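> Pasting a structure here, questions to come.
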Amino acid sequence: RGFVVYAWFGLHEGLPRSTYKRKGGQTMNKNTVSVLGEEYTIHLLNPEDDAALNRCQGYTDESTHEIVVQRDLRDPNDPVNVSDWGAIRKQTIRHEIVHAFFFESGLGGESDYAQNEELVDWIARQGPKLYRAWAEAGAL
């Protein structure tokens with residue numbers, strides 16, 4: 001049985017995959033990323049397409065190798081509305097990819113730090129800066 005991680009501005013709770021359904025099973029803006037040799041499909045969807053996105057920005061399902069991230073959040077009546085949703089979406093994708101790396105390393109639900117949202121979010125936020133520093137130092 002797989003483990004699903006749901007994200008809401010850096011806060012996750014693990015829920016079984018059966019707790020959500022995609023409307024009509026339709027996938028939009030499909031993309032893939034290789035995570036330690038496993039292909040993960042990234043889906044950019046709206047809550048109408050995946051009910052789980054009514055309570056989170058994104059999640060990773062290790063059992064199906066899927067990352068689902070909310071496509072848009074531009075509701076002026078929403079208290080968590082952000083002005084640069086594109087930047088938040090990229091950060092959320094990075095965050096979910098970090099979870100995928102932990103899962104593929106064998107550090108799923110049983111690992112405290114793999115489910116530590118503060119650590120995962122730190123890696124996702126600082127990853128681009130780490131990459132730039134490693135490149136600058138010739139350490140890639």
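The values are calculated or read from the model by the stated rules, or taken from the named source; none is laboratory data. The model shown is predicted, which means the values in this text are computed figures rather than measured ones. Cβ coordinates were reconstructed from backbone atoms using ideal geometry, including for glycine residues, and neighbour counts include every protein chain displayed. Accessible surface areas use protein heavy atoms only, side chains included; no ligands, DNA or RNA. Shrake-Rupley method; radii C 1.70, N 1.55, O 1.52, S 1.80 Å.
> Please go through region 37-65 and pick out each residue that is part of a strand (DSSP E or B) and not small (G, A, S).
The answer is E38, E39, Y40, T41, I42, H43, L44, L45, D50, Y59, T60, D61.
> If you don't mind, another one. Is it true that some residue in region 108-120 is surrounded by 12 or more Cβ atoms within 10 Å (Cβ to Cβ), closer than 15 Å to V33 by Cα and free of Cβ contacts under 8 Å to residues at least 60 places away in the same chain?
Looking through region 108-120, none of the residues is surrounded by 12 or more Cβ atoms within 10 Å (Cβ to Cβ), closer than 15 Å to V33 by Cα and free of Cβ contacts under 8 Å to residues at least 60 places away in the same chain.
> Now for a different question. Can you name every residue in region 92-107 that is in contact with a strand residue (DSSP E or B) (Cβ under 8 Å, 6 or more places away or on another chain) and open to solvent by 50 Å² or more (accessible area, probe 1.4 Å)?
F101, E104
> Moving to a separate point now. Testing I88 on (1) at positive phi; (2) surrounded by 12 or more Cβ atoms within 10 Å (Cβ to Cβ), one condition comes back false. Which one is that?
The number of the failed condition is (1).
> Hey, could you check region 24-41 for residues that are modelled with pLDDT of 55 or more and of a type in the set (S, T, N, Q) and say which is least open to solvent (accessible area, probe 1.4 Å)?
Among those that are modelled with pLDDT of 55 or more and of a type in the set (S, T, N, Q), it is T41.
> A further question on this structure: Of everything in region 111-140, what is within 19 Å of the chain's Cα centre (by Cα) and not in a helix (DSSP H, G or I)? Give them in sequence order.
S111, D112, Y113, A114, Q115, N116, listed by residue number.
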